[in-house]
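Below is one structure, written out as structure tokens; the observations come after it.
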Amino acid sequence: MKKKIPQFRSEEEERDFWQSHDSTEYVDWKSAERLTLANLKPSVKTISLRLPESMLEELKLLANKRDVPYQSLVKVFLSDRIGQELMVKQRHIKSVQRIANKAGSR
């Protein structure tokens, strides 16, 4: 029998709980159903970012050409770059695994 999930007073309390507990003791993941939360908006956090003035002006020019706010363009650029970096990392991991598999099969 699975343990009962406690009631939490805040998201922070729930986050702390799940960081220190195994969800498989509380949830039967084999019977869980997938669902899409189409209207769920990602959490955002405001940050302060210092940029050279020339870079900011170039960003604003690029954003103006695309008819978008420059902050939105920065998010697109960051998202694209993060995706690229993650793909490179995945390719590297796969290469290392292939090398390890070849070495192990000898």
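Computed from the coordinates by the stated procedures, all read-outs in this text should not be read as laboratory data. Computed from a predicted structure; not experimentally measured. In this analysis, Cβ positions are derived from the backbone assuming ideal geometry, glycine residues included, and neighbour counts consider all displayed protein chains.
Pick out, from Asn101, Ala63, Leu73, the residue whose Cα sits farthest towards the positive end of the charge dipole of region 51-106, with +1 on the Cβ of Lys and Arg and -1 on the Cβ of Asp and Glu. The one lying farthest along the dipole's positive direction is Asn101.
Overall, the chain carries a charge dipole of about 660 debye about its Cα centre when +1 sits on the Cβ of Lys and Arg and -1 on the Cβ of Asp and Glu, all other atoms neutral.
Using the Cβ-Cβ distance between Leu59 and Lys89 with R0 set to 25 Å, the FRET efficiency works out to roughly 0.40. Take the Cα of Ser31, step 7 Å toward its Cβ, do the same at Glu13, and the gap between the two points is 2.8 nm.
Among the trypsin sites (Lys or Arg not before Pro) found in region 49-89, those both in a DSSP coil and sparsely packed, with 10 or fewer other Cβ atoms within 10 Å of their Cβ, are Arg50. Only one residue of Ala32, Thr46, Ser20 has its Cα farthest out toward the positive end of the dipole of region 14-58, where Lys and Arg carry +1 and Asp and Glu -1 on Cβ, and that residue is Ala32. Rg and Dmax of region 51-106, based on Cα coordinates, read 19.2, 58 Å.
Between Ala103 and Leu49, the modelled labels are 3.9 nm apart [label points 7 Å from Cα along Cα→Cβ]. Of the labelled figures (i) 1.72; (ii) 1.07; (iii) 1.54, only one reflects Cα Rg over 2.2 N^0.38 Å as derived from the coordinates, namely (i). Counting only DSSP H runs of at least 4 residues, each contributing -39500 (n - 2.57), and dividing by the residue count of the chain, the helix-based mean residue ellipticity at 222 nm comes to -19000 deg cm²/dmol. What the Cβ-Cβ distance of Arg81 and Ala38 gives, at R0 = 25 Å and to the nearest 0.05, is a FRET efficiency of 0.45.
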